[in-house]
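Notes follow the structure.
The values are calculated or read from the model by the stated rules, or taken from the named source; none is laboratory data. In this text, all values refer to a predicted model and were calculated from it rather than measured experimentally. All Cβ positions, glycine included, derive from the backbone under ideal geometry; neighbour counts span all protein chains shown. Keep in mind that these areas ignore ligands, DNA and RNA; they rest on the heavy atoms of the full protein, side chains included. Shrake-Rupley method; radii C 1.70, N 1.55, O 1.52, S 1.80 Å.
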Amino acid sequence: MDGPDGETRGDDPTGPPDGRSGPDSARGADPGDRAAKPADREPDRRDRASDDRRNPTHDDGVAIEDGIGRWLLETDDWRVTTCRDVAASLAIIATIGLLLFAIGGTWPPFVAVESGSMEPNIREGDLVFVVDDDRFAGENAIGDTGVVTLESGRENGHEKFASAGDVIVFIPNGDPTKTPTIHRAHFWVEKGERWVETKADPGSLNGATCDEITTCPAPHDGFVTKGDANPGYDQLPRSGAETTIVSPDWITGKAMVRVPWVGELRLAVGSAGAATGLGPTGTFVATGTIALVLFGMAAEDGSH
């Protein structure tokens, strides 16, 4: 037997006693020859590693040659998977946005609450889903506004956010430069009505009389509003939203459902969007993307 077996099994390392030194010497060279073969194969391994780096699409068993569509869907290349994740997130957000628009009829479909004027029923930092004011109109809604006031809600049991009547989103004084307000519609008044004397709750007037309030008599038809946490009506001087009677034309939506704390993210993205010129759609997409990422991270942490 040649090679290492011959060496380990021989008693005399200088050769066997029968004098066959020539053949033994020739065979003794075989182990050296075989020991050199792994070194000879090392360049082959390096060549293969180099080929793998040049052809990363084969790492996961999928090559571009198998079809660009299949490769984009199945490859584990991190650049492609990142693009896939982003595309999937955008698709989810677009689907949700279109669905909410179809249901609510208003865009954007959410508003973020910036103050505590509606606490404890709606809190600062909440994200609120809103619908067009003519959607989901309750019983005894005022005319074609679709809004049920607190006054009517007490009679027919219509409640939103733990109290009678609808919560509306409106632009104070109809001024587009002002931040929209989300407050409850308390009652409807007609132009010229001395509403302080006919319908107002004395406890929400701060002791004021009609003659002391510029919005009384009412300058036009509309709603008297109030934040649930505020002591007085918005139509009083230096109170609440500081607005006159809220015209139906100033209403941008009705509040339907709140999502706690997510509004903080919406406000942060909105602030960045204001500085960069990001519009409502861009803000909605950015907020949704970040929310999905955070949700995915939380779900992944919870699974460990």
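Quick notes on this structure:
- Flag for residue 158 being touching a helix residue (DSSP H, G or I) at 6+ places or on another chain (Cβ under 8 Å) and open to solvent by 20 Å² or more (accessible area, probe 1.4 Å): yes
- For beta carbons closer than 8 Å, sequence separation of 6+ or different chains, a first residue in segment 243-260 that is more than 10 Å from residue 110 (Cβ to Cβ) and a second that is assigned to a strand (DSSP E or B) and among the polar types (S, T, N, Q), the qualifying pairs are 243/181; 243/225; 246/225.
- Looking only at segment 130-146, and only at residues there that are under 25 Å from the mean Cα position of the chain (by Cα) and open to solvent by 30 Å² or more (accessible area, probe 1.4 Å), the one that is farthest from residue 169 (Cα to Cα): 135
- Segment 116-129, subset in contact with a Gly (Cβ under 8 Å, 6 or more places away or on another chain) and closer than 17 Å to residue 233 by Cα, residue surrounded by the most Cβ atoms within 10 Å (Cβ to Cβ): 118
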